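Structure record follows, encoded as structure tokens.
A short reminder: the numbers here are calculations on the coordinates, not readings from a lab. In this text the structure is predicted, and so the values were computed from the model without any measurement. When we count neighbours, we look across all protein chains shown, and the Cβ atoms used for this are built from the backbone with ideal geometry, even at glycine.
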Amino acid sequence: MPDQAPVSPASRSRGPGGHRGAPGRRRGPAGLGPLPWIAPAVLLIFAVVIWPILELVRTSFLNISIAGVVRGSAGFDKYSKLFDDSSFAGVLLWTVVWTLVVVSATMLISLALAQLFNQRFPGRRIARWALIAPWAASVLMTAVGFKWMLNQTAGVLNTLMLDLGLIDRSKDWLGTPGTAWPWMMVVAVFVSLPFTTYTLLAGLQTIPEDVYEAARIDGAGSWQTYTGITLPMLRPAFLVGVVINLINVFNSFPIIWAMTRGGPGSDTATTTVFMFQLKETDIAESAAMSVVNFGMVVVLVLVFLKVSGWNKEEDA
Amino acid sequence: MSAQVQVAPDGADSPRGAGSSGVEGERPAHGRVLNVFSHAFLVVWVVMAAGPLLWVVITAFRSSGEILGDPMGFPTSLQWENFTNAWLDANIGKYALNSLIILAGSLTGTMLLGAMAAYVIARFTFPGNRAVFLLFAGGMMFPIILALVPLFTIMDNLSLLDTRPGLIVAYIAYSLPFTTFFLTSFFQTLPSGVQEAAQIDGASHVRTFFQVMLPMAKPGLVSIGIFNFLGQWNQYLLPLLLNNENESSYVLPQGLATLAISQGYGGDWGALFAGLTIAMVPVLVVYIVFQRQVQAGLTAGALK
């Protein structure tokens, strides 16, 4: 048999969808089969990822004192307590607003950035390095940095605006929800941009040159070309970007925790931050919030995939 | 990279050549002339993205008094003692060492276990193949933050709380889903002929894996390795939860967070910024060394 099989069977099965019965793939390794190869990874995930999820669900149906003593079953009490919490509705609303605003802004700006970075221009390398910068610094560090820039007494922003005469006296940007939310959204978009832009950039680079040639010969304008060719062909990368951002932004914790701790009260908390706050008073209620949060992420992603026709694209 | 004829080769040496607008794109219909507007957009982005980091580095060289007086200024004299203070007094050196030790274990473990699992999932059919794959894919959607309380209890029960092995195990477990998912699609793209040839030649599975498949998968391994390095180096939640007992075993992000809070009382702002700067160095080094692989790897990972 030659070194190179003319048709490689494994490459015929495309992506995650093609697993079932990929014909040419060999049976499991002899002897113990695949077990020694996957068992360590699977065991670890069961112990450290799956087990906590199960524990979480169990905890949410228990009565637990602050000291951690289990005082019997609580049924759905913790869930009703959570839903009746005076902060809950606001937290939920803001979580949705937060996710929608941050994900949409991230996708739009990333589209523009990817388009720009896909062109050749002097200084492109520097610009690409700058694109990566927020990614290389940790999210937490970025958030802390912004917090100090927004600091009421020593922050750069206040100093600058005072000097320019834009404001009369220093503002406590993170002290009131009205200004804290927009600033935290800015930070969230800022840290989401690098990965998203690179995903879209990778997508742009897979569009073959001759498609653009053809469009140009047909006399398509640049906007026509963009909406008619670039956007549709960018769809897979765009969907990946949206899904990953939906999960990350919805579950985002360090930004808000570092900048406002969800305060004052729970006025600047999303569900994950609220869950963390609840941990201080009622572990079971906090677990209930986690379960609700996880359910919401799954529903959100599934709904998006359904609406966007993800599977259709994968099978095509 | 070098296809451009007329203009400076990729602008490596011409930082932000702002004015020159008449650049011919390589893609006529779409890589069009960069107009003033889009150029301004890029400049704004560069300033916004790199500005804060530069500000942190510059501020790290100023005294606390200067910083309080005028946050925006440049250092009048280089305050190297900020770095000494951060490294010694604020224990940043110790925390950095802790981080390195943890990462040595967790990164190795993540890559080895992830590559092994991905190899088998991608290359062999066996009962439960699909279920195992879905386990990894589903694990990506579950964030650490939700499982904090039960994870704490479980690690406590396993006597792994506040130990290095415990933290390493947790890092590995939470990195594995994405790593395996990514590497599975990567292994699927590799030609199967070489693997078959190796086995026909009588190489064992272990040998085929380590001497044939791993070297072939190197680009994918490097990019997911860097991705994991960034994630684990900056990991804050897991150590906060599982490694919070002894201040002497803190990892770098914990140390920085502590420093950020304590400087509010201590007033040593210079040390805080020096600490932040120190934490950035390894990341920047890794990034600069492997930049090309990060880019190439993302292409493979995101779209395959």
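Observations
- The share of C-alpha pairs in chain A whose separation exceeds 28 Å stands at 59 percent.
- Computing FRET efficiency as 1/(1 + (r/R0)^6) for B:LEU54 and A:THR206, where r is the C-beta to C-beta distance and R0 is 30 Å, gives about 0.35.
- Derived scalar couplings between HN and Hα for the stretch B:74-81 equal 9, x, 7, 9, 6, 8, 5, 5 Hz in order, rounded to whole Hz, by the Karplus curve 6.51 cos²θ - 1.76 cosθ + 1.60 (θ = phi - 60°), x for Gly and Pro.
- Sorted peptide list for A:240-252, A:46-58, criterion being average Cβ within 10 angstrom, highest first: A:240-252, A:46-58
- Sites A:ALA154 and A:ALA39 - FRET efficiency at Förster radius 51 Å, r taken between beta-carbons, to 0.05: 0.40
- Between A:ARG261 and A:LEU231, the modelled label-to-label distance comes to 4.5 nm, taking each label 7 Å out from Cα in the direction of the beta carbon.
- Helix runs (DSSP H) in chain A reaching 24 Å along axis by Cα, Kyte-Doolittle at least 0.0: A:88-117, A:177-205, A:231-250, A:283-308
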